[in-house]
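Read-outs: derived from the displayed coordinates by stated rules, not from any lab. Remember, predicted model here, so these are calculated numbers, not experimental data. Counting neighbours? That spans all protein chains shown, and the Cβs are built from the backbone with ideal geometry, glycine included.
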Amino acid sequence: MKASHFICVSLGIAFSALCPAVVMADTSTSNIPNSQVTLTASQEATAEAQQQKIVNLINSSGSNTSNVTTGMLSPDSMPDYGPATPSYTVSTGTMTEPDAGTTCGPIAAYNLLYNIPHSSRPSVSTLKSQLGWTNSAGTGYGSNWTSTLNSDQSYHTYSLSPVDPSVTDVYDDTIYAVGYEQHVPDILDIYGYIPGYQSSGPNYLYHYVTGDSYNVSTDTMGWYDESDLNANGHNVSYTVSELNSLNSGSSTSLHFQGVVY
């Protein structure tokens, strides 16, 4: 989990985390270029219909569409997955953290890198060093994430979302990475009274998980949670509506601090 990401809940501190994560000032993101590929008439119609469905969803939520690519990658730069589909699930590693430690960040990164082509699959120990993890502070959210993930694999260039993105933006970024880019996981930095851990105060938890799926038909996104302490299990999914409801809740709540996509 992250810089304030441990599960050690102490009534004497202001907030706790499943794995600590310090908020860092680097909130820049890179622009996502459009790319083109020649499609058959049937493929073009299918891709256009799928893309329009996502655009309609984003527009209905009042978000801009800058994070959703309007084209597809060259066949030379990605496996033969065919046109992007309305839903997709990527495989991640399944390493878990059995106790209330602070290593959710490095473990989430390990699970992300596990099945990506051209990944060096560094150890958790190496990832701790690369991400700037400390036992007391966990893992910060900032350029440490992009420098680490982009040096450990050459298949996809990861970017950072701004701090505190909306649920819709998190959903869009997950669709981009999992579905419309090169079918790769992303990292979700979450905090709050996280369902599966606690339903109310006194302390917020902070945590990193590995985003692995979306479904436009059901308006759903999901992730692999490395912690064995989550009562909801390791494979977790919510609809955008549910996440918006949790995001605005004062009791059970779940917020996003950022996305590495």
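Listing for the model above:
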quantity	calculated
Region 94-260 - convex hull of the alpha-carbon atoms, volume per residue in Å³	102 Å³
FRET efficiency, 1/(1 + (r/R0)^6) with R0 25 Å, evaluated for Ser87 and Ser241 via beta carbons	0.90
Two-decimal Rg to Rh for region 80-129 - Kirkwood Rh, Cα set	1.09
Placed amide H near Asn235: partners under 5 Å, 5+ positions off or other chain	Asp225
Estimated dipole of region 94-260 in Debye, rounded to 20 [Cβ of Lys and Arg +1, of Asp and Glu -1, Cα centre]	320 debye
Placed amide H near Tyr197: partners under 5 Å, 5+ positions off or other chain	Ala231
Over region 94-260, relative contact order from alpha-carbon pairs under 8 Å, at least 6 apart, %	26 percent
Leading residue at positive end of dipole, region 94-260 (Cβ point charges), from Gly140, Asn232, Tyr193	Gly140
